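Everything on this sheet refers to the single structure shown next.
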Amino acid sequence: MLREKYQKEIDEILSRYPVKRSALIPLLYLAQRENGYVSEAAMIEIAGILNLTPPQVYETVTFYTMLNLKPVGKFHIQVCKSLMCALVGSDTLIGWIRSQLGIGIGETTTDGVFTLNAVECLAACGTGPMMQINDDYYERLTEDKVGRILADLRTTGVSSLKSGPFMWPEPASAVSEG
Amino acid sequence: MPNDELILLKNMSQPGYAGSLADYEKTGGYQALRKVLGKVAPADVTATVMKSGLRGRGGAGFPTGVKWGFLPKDYQGPRYLCCNADESEPGTFKDRQLMERDPHQLLEGIILAAYAIGCETAYIYIRGEMVLGSNILERALAEARAAGYVGRNILGTGVHVDVWVHRGAGAYICGEETALLESLEGKRGLPRVKPPFPATHGLYNKPTVVNNVETLANLPHIINRGSEWFASIGSPPKSTGTRIFCVSGHVKRPGNYEVPMGMTFRELIYEHAGGMRGDKPLKAFIPGGASAPFLTPDHLDVKMDFESVAAAGSMLGSGGVTVMEEGTSMVWATLRLMEFFYHESCGKCSPCREGSSWLVQTLRRIVAKQGRPQDLETLSDLCKNIAGRTICAFGDAEVAPIMSTLKHWRHEYVTLLHEAEAANLIRPVPVRSGR
């Protein structure tokens, strides 16, 4: 149960809003962090915390693409497929990932490590093709880079190739140094 | 102002600038706050912003000071400020940079705006995918609270402004201001019928202002350097200041470029962004995010200000400039954008919900060379029945790519239809459809 484990965090979230329902999405994120997806039990518990009916929670959950109603792999790969990334090769990128992981869009590897999805614009249009894996962005991808990222994640769970604070193009000084 | 003077991107362009509070204070950060809080009347701050000519940077370009002026003067209850950081317009990636590289510049702008409109609670509604950005903002907020720039009794002036980061959860429509408010209230992000406008009935039905990240980030500079300075930059009197243009697509150096409004697209694309990848000819460009109608090479000398782009039949929008080279199929590009709009239609209004699906189906069969001879008429007809018939501007946005490509590159559609006819791949029209 969320309340037993996260009472302090829940109280802190609730204190930010004059109306309880505003805490719904933050609490759903909490549930998703705990389980990897938003379970029915979590929705019922959150409804109780916010004095909502479970359908009120469900109707909100189903509107937003980032809230998963079923489990996904340990690493959820989301490739941007909107026009701006498509112009610079997002379809090719999806092909690389498919062949490296042996799964199609919407599928999870049999070991449950990777789930692949194609999504709409992630606001990184100048640095495409790009993808998001869990909380991190990976940009200006090449076939080699994708291979290294997937290998890093599989072996160590993190990859140093993820994006830091965004600035593109990089400041002139950084470019000349690098 | 020299053509290359940066305002919003100035700090982050300095070597070693990491966006910490100490970094920001070293560049004169939070001086604007010290200058006005408790010393200048809120109405005078609003007047300064009005005189600066600052217009919203989110897409609609509404004058910021005028928007603030719509709040009821005599209302006693709480009022709210929402920073719209739900950057989702395809082709746009400037707010992400402003938040991740110089978060205190935004926070100072938020406090200034909150002071001007007399509100004590501000929410930064950031798109859910930007986890790094929201973490950076949370960290900056903690620094600013500890230093007395945010929270109760700011700098001992008796002014209270609390700021909270609220993450969205993946819905383009939540960048529409009333949908943003619904989402912030924990509901589905469905735009509200206007009027009443957020200025009187916004968050929790209270007077509310929603301003874009880039808009708010301009405020400390306007306060520090004056409205006359700001109003002299760009293309006065109607398009003042700089814009951060986000260049994407087939250029050599895509990225964010802050330039004075009024520069031409040619200069932005060929000088700042380095010109076309592989030096191919430019075929088309989108001047202001996915919702803006496509323009052609004939429009390269159009000035990048609100009026000039509108006169050219498009809009400056969010500043997302997407460039396409010769050889790009305009029908394919339109389909890719339409798939975005189809996915993101919130479903509240029938013309948009049903129409976006029909538009996608029609475009898909045209691209697959299974189009029917009457499909161009079908597209035009659908567009006409969506535009202007929905609660929010999404309806107008989703038909913009189709209407503009049908206008400028109709022959590409016709060629695909001829190929369909020649290949005899056209599927029979279902009985239920007139077409």
Within the range B:61-77, restricting attention to residues that are in a loop (DSSP other than H, G, I, E, B) and surrounded by fewer than 17 Cβ atoms within 10 Å (Cβ to Cβ), which residue is nearest to the chain's Cα centre (by Cα)?
B:PHE62
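Table: residues versus (1) modelled with pLDDT of 95 or more; (2) under 18 Å from the mean Cα position of the chain (by Cα); (3) part of a helix (DSSP H, G or I); (4) buried (at least 24 other Cβ atoms within 10 Å of the Cβ).
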{"position": "B:ALA199", "(1), (2), (3), (4)": "yes, no, no, no"}
{"position": "B:GLU214", "(1), (2), (3), (4)": "yes, yes, yes, yes"}
{"position": "B:ALA217", "(1), (2), (3), (4)": "yes, yes, yes, yes"}
{"position": "B:ASN224", "(1), (2), (3), (4)": "yes, no, yes, no"}
{"position": "B:PHE230", "(1), (2), (3), (4)": "yes, no, yes, yes"}
{"position": "B:PRO237", "(1), (2), (3), (4)": "no, no, no, no"}
{"position": "B:VAL247", "(1), (2), (3), (4)": "yes, yes, no, yes"}
{"position": "B:TYR257", "(1), (2), (3), (4)": "yes, yes, no, yes"}
{"position": "B:ARG266", "(1), (2), (3), (4)": "yes, no, yes, no"}
Among residues belonging to the range A:10-42 that are away from chain B (no Cβ under 13 Å) and in a helix (DSSP H, G or I), point out the one that is nearest to A:VAL72 (Cα to Cα).
A:ASN35
Is there any pair with a first residue in the range B:384-396 that is on the phi < 0 side of the Ramachandran plot and a second that is surrounded by fewer than 15 Cβ atoms within 10 Å (Cβ to Cβ) and among the aliphatic types (A, V, I, L, M) whose Cβ atoms are under 8 Å apart and which are 6 or more apart or on different chains, and what are they?
B:ILE391/B:VAL193
Restricting the range B:38-60 to residues that are within 20 Å of B:SER318 (Cβ to Cβ) and modelled with pLDDT under 95, which is surrounded by the fewest Cβ atoms within 10 Å (Cβ to Cβ)?
B:ALA60
Within the range B:280-301, considering residues that are under 20 Å from the mean Cα position of the chain (by Cα) and in a loop (DSSP other than H, G, I, E, B), the one nearest to the other protein chains (Cβ to nearest Cβ):
B:ALA290
Evaluation of A:ASN134 against (1) at the interface with chain B (Cβ under 10 Å from one of its Cβ atoms); (2) at negative phi (one fails), failing number
(2)
Residue match in the range B:80-87 (condition: surrounded by fewer than 24 Cβ atoms within 10 Å (Cβ to Cβ) and either touching a residue at least 12 places away in the same chain (Cβ under 8 Å) or not hydrophobic (A, V, I, L, M, F, W, C) (or both))
yes
Output the number of residues of the range B:129-141 satisfying the condition of being surrounded by fewer than 23 Cβ atoms within 10 Å (Cβ to Cβ) and not β-branched (Val, Ile, Thr).
6
What tally of residues in the range B:330-365 results from selecting those that are within 11 Å of another protein chain (Cβ to nearest Cβ) and surrounded by fewer than 19 Cβ atoms within 10 Å (Cβ to Cβ)?
3
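Quick grid of which residues meet (1) more than 9 Å from chain A (Cβ to nearest Cβ); (2) within 20 Å of A:PRO18 (Cα to Cα):
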{"site": "B:GLY151", "(1), (2)": "yes, yes"}
{"site": "B:GLY156", "(1), (2)": "yes, no"}
{"site": "B:ALA171", "(1), (2)": "no, no"}
{"site": "B:GLU176", "(1), (2)": "yes, no"}
{"site": "B:LEU184", "(1), (2)": "no, yes"}
It is to be established whether one or more residues within the range B:93-104 are assigned to a loop (DSSP other than H, G, I, E, B), at pLDDT 95 or above and away from chain A (no Cβ under 11 Å).
no
Here is a list of conditions, (1) within 8 Å of chain B (Cβ to nearest Cβ); (2) touching a Cys at 6+ places or on another chain (Cβ under 7 Å), and A:MET66 meets all of them except one; can you say which number that is?
(2)
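The values are calculated or read from the model by the stated rules, or taken from the named source; none is laboratory data. Everything quoted here is computed from the prediction, not taken from an experiment. With ideal geometry, Cβ positions are generated from the backbone for all residues, glycine too; neighbour counts draw on all protein chains shown.
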